[in-house]
1. Considering each residue of region 128-154, count those that are more than 13 Å from ILE114 (Cβ to Cβ) and touching an Asp or Glu at 6+ places or on another chain (Cβ under 9 Å), and give that number.
2. Keeping to region 15-63, report how many residues are at pLDDT 75 or above and farther than 17 Å from GLY159 by Cα.
3. Pick out, from region 110-211, the helices (runs of 4 or more DSSP H) lying fully within it that include 1 or more residues that are out of contact with any Gly (no Cβ under 6 Å at 6 or more places or on another chain) and over 18 Å from ILE100 (Cβ atoms).
4. Can you name every one of the strands (runs of 3 or more DSSP E) wholly within region 46-86 that holds 3 or more residues which are open to solvent by less than 10 Å² (accessible area, probe 1.4 Å)?
5. Say whether the condition of being in contact (Cβ under 8 Å) with a residue 60 or more places away in the chain, touching a helix residue (DSSP H, G or I) at 6+ places or on another chain (Cβ under 8 Å) and more than 12 Å from LEU112 (Cβ to Cβ) is met by at least one residue in region 61-71.
6. Would you check if there is a residue in region 123-134 being over 21 Å from SER51 (Cα atoms) and touching a helix residue (DSSP H, G or I) at 6+ places or on another chain (Cβ under 7 Å)?
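The values are calculated or read from the model by the stated rules, or taken from the named source; none is laboratory data. Computed from a predicted structure; not experimentally measured. Counting neighbours? That spans all protein chains shown, and the Cβs are built from the backbone with ideal geometry, glycine included. All accessible areas refer to the heavy atoms of the entire protein, side chains included, with ligands and DNA or RNA removed. Shrake-Rupley method; radii C 1.70, N 1.55, O 1.52, S 1.80 Å.
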Amino acid sequence: MMKKHHNAIAIIVVLLFGTVLFYIGTDGFRAFTAESARTYKLLQDKPVFPSVTLEDSQNRSYTFKEFADGKYVFLTFMYTSCTTVCPQLEMNMAQVYALIPDSYIGKDIVFLSISFDPERDDPKTLAKYRTYFGSDGETWRMARITNKEELKELLDRLGVVVIPDGNGNFTHNSAFYLIGKQGHLLEMMDFTNIDEAASTVAAILNEEAGE
């Protein structure tokens, strides 16, 4: 009986210790995977979008700040040679774009798709690619960042993981990002949940408009 009692106490101690370690390692049970942990930390830190220069599908160059011009920016990261997740990511972005009331588009919010493959995704390539998804090249632009240091800083700051596979493709994570008017990350959303992403953005815009 005493041995069983000791075993029971040992099991309880092990379970409690494991629970504490799991709680610490997952930020209080909030993060169960590396990706969800990364997302949680980003949303807690709300990093500032770094200073980068964009070159878009119309050969125009400008800073991100000039593009945003005090508006919200709905953002994705992609590359045009991608045959897996990127086409779906941009198709879903097009649906979010369509669900946002026209009165907000261009006035309060703009959309931006940034390629992390600037060597191949030149303006001509981006100009063709954007037509596949209905990007108008103005309120929704596709662009690249030619400065490697600037691109790396941006990807690092927003937790975008891009790993070359050695064959011209990349393993990467994908999400919808919403940058606030002050240049901080406001939301990081599941790109597969179109309605929820559109509702989140619309609610922010409606609240600011006092609706």
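1. Residues meeting the conditions: 3.
2. Number satisfying all stated conditions: 11.
3. Hits in region 110-211: 123-131, 148-157.
4. 72-78
5. no
6. yes
Conditions (1) among the polar types (S, T, N, Q); (2) under 17 Å from THR192 (Cα atoms), marked per residue:
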residue	(1), (2)
VAL52	no, no
LYS65	no, no
PHE77	no, yes
SER81	yes, no
GLU90	no, yes
VAL96	no, yes
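Let's see how each residue does on (1) under 15 Å from the mean Cα position of the chain (by Cα); (2) touching a residue at least 60 places away in the same chain (Cβ under 8 Å); (3) open to solvent by 60 Å² or more (accessible area, probe 1.4 Å):
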{"site": "GLU138", "(1), (2), (3)": "no, no, yes"}
{"site": "GLU150", "(1), (2), (3)": "no, yes, no"}
{"site": "GLY159", "(1), (2), (3)": "yes, yes, no"}
{"site": "ASP165", "(1), (2), (3)": "no, no, yes"}
{"site": "PHE170", "(1), (2), (3)": "no, yes, no"}
{"site": "TYR177", "(1), (2), (3)": "yes, yes, no"}
{"site": "VAL201", "(1), (2), (3)": "yes, yes, no"}
{"site": "GLU207", "(1), (2), (3)": "no, no, yes"}
